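J.: My questions will all concern the structure given below.
The values are calculated or read from the model by the stated rules, or taken from the named source; none is laboratory data. As the structure is a prediction and not an experimental result, all values here were calculated from the model. Heads up, the Cβs are rebuilt from the backbone with ideal geometry, glycines too, and the neighbour counts pull from every protein chain shown.
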Amino acid sequence: MAKKIILFFLLIVLIFTRVHKLESLPISLNWDEVSHGYNALSILNTGKDQWSVSYPIYNFRAYGDYPTTLNMYATIPFIFLLGLNEFSIRIFTALMGILTVYSVYRLSSYFKIHNALSLLVLLTLSTTLFFTGRGVFQSTVASGLFFSGIYLFLSQKNKYKSSVGLVLLCLSQYAYHNTRIIVPMLILYLLFTQRNLFAKVNKFIIILTLVLTTLSIYNLATNKDASARNKWVSIFGVDAVNTINQRRLEFGPNDTKNRIINNKITYGTEKYIKNTFWFISPTPLFFEGTKNYQFHIPSMGLLQVVALPFFYLGFFYCIKNIRTKTYRDLLVLTLISTIPAALTQGDFPVLRLSITIPLYFIFIQKGLEILLTKKKYLLYLFLVIYAYQFLVFVKNYTTNYRDNFSLSWQYGYKELVQILKNKYPLYNNILVTKRYGEPHEFILFYWPWNPKSYQTDTSKQTDHHTDWYWVNSFDKFTFVNDWEMKDYIKNNQGKKLIVASPGTLNQNILYTIRDPNQNPIFEIFEVQ
């Protein structure tokens, strides 16, 4: 009875931490969030995305980064019921974050975790899962489907659960790019190690699984849209070619030996191994985190530092006992889950490790059980310190991070659009700075602009360069860089409303939009 009460309490805490003030924390919507939301509205109202593509299947264009479509479609019912707003487009991701935590908790028995409630505390009060469970992140959606699928498939209770689990696992491939690599490899591994479970699954489900996985692999291999981001983030991208050429120059004569030592295979192998070890390094995991402030609070580890010794103890314990099937499965799953991230470059890839990070808590819990099984008071002390560090993180998240890093979430556009909407009838042309990224999308979302009108707008001007789709104008709105504004004003007649970043123009300011620290973001002028 006591365990059920604790479980109920932890689930309430889990739901509360993921849903409370979801509309205002994070402080504003970023460009990816408004893109998902407006494209969902566009499909709901017209059957086409904002680029007039009818019901895109695998990817939608967005800005040219071609995100997957599953989250966009899953958002449509919430927009239909609640309207287009912050809560309606974030709630599905929040629910998937909750599902991730609950599924890993239920999966723990398979991996020989004896104190699942302790693991649930670790997951519920994880700073990283808290952070990624509150914004529109495709990775969180994929994680929810992936872990619920794995849990149901490995439950070994009945064929219906195994069948549903397999379908959810395959659907996760349509939620995020990484799972398109992870899931096929995992299914191949499970075919060799869990044949008895596949035998329980309905033959139709097996066929459906093969079809979904084959289509996903085919799309990834042949559709240039699906791999659009690879040009920039892949370890075999443009930077690789430049590095290899530089190494060949430094090596000496351009001979066979040089080409054998310095090529894409050797370079890629080196980067892959370094990345894989970096993912278990204490520096990013427990101390520094990521420098992409849209994914985590600066200079704070992705895992609470008090868990450091227990993570490595549990991790190496599993390696030592790799002959035990469940530990081997856990290590193989962890390794497979890192492959997409290890094939990329750049800052610590929090989102690309969205399948890996929940597994880290199983290692932490295993380490706790090894050291503190017979010392319950020390376990309770650990959990108290762990919870305290989570509360410190949340305080930072709701104060310092919210106020000082609001521009990481492109704060100010909602307030700007409200002014533009009120002043819209008074001006022939509205000029908006491009400085903070994709102003057209925020106008479309916060207005909200009629999708049909936007799709058929003959004044809309776009162009495609540097692998990005730029909207330069639509309706009365024109979008330019700050340094182009003076020339634009000089060359165009009529009454104009100008939205510039601070210090761009020497004019009388009508309105100033400020961040939470009262620093100016936008300055609004009228020009005759």
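J.: For the stretch 156-176: of the residues being without any contact (Cβ under 8 Å) to a residue 24 or more places away in the chain and not aliphatic (A, V, I, L, M), which is surrounded by the fewest Cβ atoms within 10 Å (Cβ to Cβ)?
T.: K157
J.: Residues in the stretch 2-24: is at least one under 20 Å from G437 (Cβ atoms), modelled with pLDDT of 95 or more and among the aliphatic types (A, V, I, L, M)?
T.: The answer is no, given that none of the residues of the stretch 2-24 is under 20 Å from G437 (Cβ atoms), modelled with pLDDT of 95 or more and among the aliphatic types (A, V, I, L, M).
J.: Sticking with this one: Residues in the stretch 513-525 that are assigned to a strand (DSSP E or B) and farther than 11 Å from V499 by Cβ: how many?
T.: Here the count works out to 2.
J.: So, one more: Spot the failing condition for F78; the list is (1) under 29 Å from I6 (Cβ atoms); (2) part of a helix (DSSP H, G or I), and only one is missed.
T.: Here F78 meets the rest and fails (1).
J.: I need every pair where a residue in the stretch 61-79 that is under 13 Å from M96 (Cα atoms) and among the hydroxyl-bearing types (S, T, Y) has its Cβ under 7 Å from the Cβ of a residue that is modelled with pLDDT of 95 or more and buried (at least 17 other Cβ atoms within 10 Å of the Cβ), sequence separation at least 6 or different chains.
T.: Close Cβ pairs (under 7 Å, with a partner that is modelled with pLDDT of 95 or more and buried (at least 17 other Cβ atoms within 10 Å of the Cβ)) amount to T75/H36; T75/G37; T75/A40; T75/I89; T75/F92.
J.: For the stretch 453-505, which residues satisfy the criterion of being assigned to a strand (DSSP E or B) and aliphatic (A, V, I, L, M)?
T.: Across the stretch 453-505, the qualifying residues are V471, V480, L497, I498, V499, A500.
J.: Still on this structure, please answer the following. Hey, among the residues in the stretch 271-321 that are surrounded by 14 or more Cβ atoms within 10 Å (Cβ to Cβ) and hydroxyl-bearing (S, T, Y), which one's farthest from D32 (Cα to Cα)?
T.: This residue is Y317.
J.: Here's a follow-up. Which residues, counting only those in the stretch 6-22, are among the charged types (D, E, K, R) and either farther than 16 Å from I91 by Cβ or exposed (fewer than 14 other Cβ atoms within 10 Å of the Cβ) (or both)?
T.: Within the stretch 6-22, K21 is the sole residue that qualifies.
J.: Can you tell me which residue among K48, K112 is touching a strand residue (DSSP E or B) at 6+ places or on another chain (Cβ under 7 Å) and either over 15 Å from H36 (Cβ atoms) or surrounded by fewer than 22 Cβ atoms within 10 Å (Cβ to Cβ) (or both)?
T.: Of the residues listed, the single one that is touching a strand residue (DSSP E or B) at 6+ places or on another chain (Cβ under 7 Å) and either over 15 Å from H36 (Cβ atoms) or surrounded by fewer than 22 Cβ atoms within 10 Å (Cβ to Cβ) (or both) is K48.
J.: Something else: Do we find that F130 is of a type in the set (F, W, Y), within 30 Å of Q294 (Cα to Cα) and crowded, with 21+ Cβ neighbours inside 10 Å in this structure?
T.: So F130 does not fit the description; no.
J.: What pairs come up if the first residue lies in the stretch 398-414 and is in a helix (DSSP H, G or I), the second is among the acidic types (D, E) and surrounded by 15 or more Cβ atoms within 10 Å (Cβ to Cβ), and their beta carbons are under 6 Å apart, counting only those six or more places apart or on different chains?
T.: Going by the 6 Å Cβ cut-off, the qualifying pairs are S406/D515.
Condition check ((1) modelled with pLDDT of 95 or more; (2) exposed (fewer than 15 other Cβ atoms within 10 Å of the Cβ); (3) within 23 Å of the chain's Cα centre (by Cα)) across all residues:
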{"site": "F393", "(1), (2), (3)": "yes, no, yes"}
{"site": "N396", "(1), (2), (3)": "yes, no, yes"}
{"site": "R402", "(1), (2), (3)": "yes, no, yes"}
{"site": "Q418", "(1), (2), (3)": "yes, yes, no"}
{"site": "P439", "(1), (2), (3)": "yes, no, yes"}
{"site": "N450", "(1), (2), (3)": "yes, no, no"}
{"site": "S453", "(1), (2), (3)": "yes, yes, no"}
{"site": "D463", "(1), (2), (3)": "no, yes, no"}
{"site": "K490", "(1), (2), (3)": "no, yes, no"}
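J.: A further question on this structure: Which of the helices (runs of 4 or more DSSP H) contained wholly in the stretch 188-291 include at least 1 residues that are under 21 Å from I336 (Cα atoms) and more than 28 Å from the chain's Cα centre (by Cα)?
T.: Ranges flagged: 195-200, 264-278.
Residue by residue, here is whether (1) closer than 20 Å to L416 by Cβ; (2) in contact (Cβ under 8 Å) with a residue 24 or more places away in the chain holds:
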{"site": "M1", "(1), (2)": "no, no"}
{"site": "K4", "(1), (2)": "no, no"}
{"site": "F9", "(1), (2)": "no, no"}
{"site": "V13", "(1), (2)": "no, yes"}
{"site": "F16", "(1), (2)": "no, no"}
{"site": "H20", "(1), (2)": "no, no"}
{"site": "E23", "(1), (2)": "yes, yes"}
{"site": "N30", "(1), (2)": "yes, yes"}
{"site": "V34", "(1), (2)": "yes, yes"}
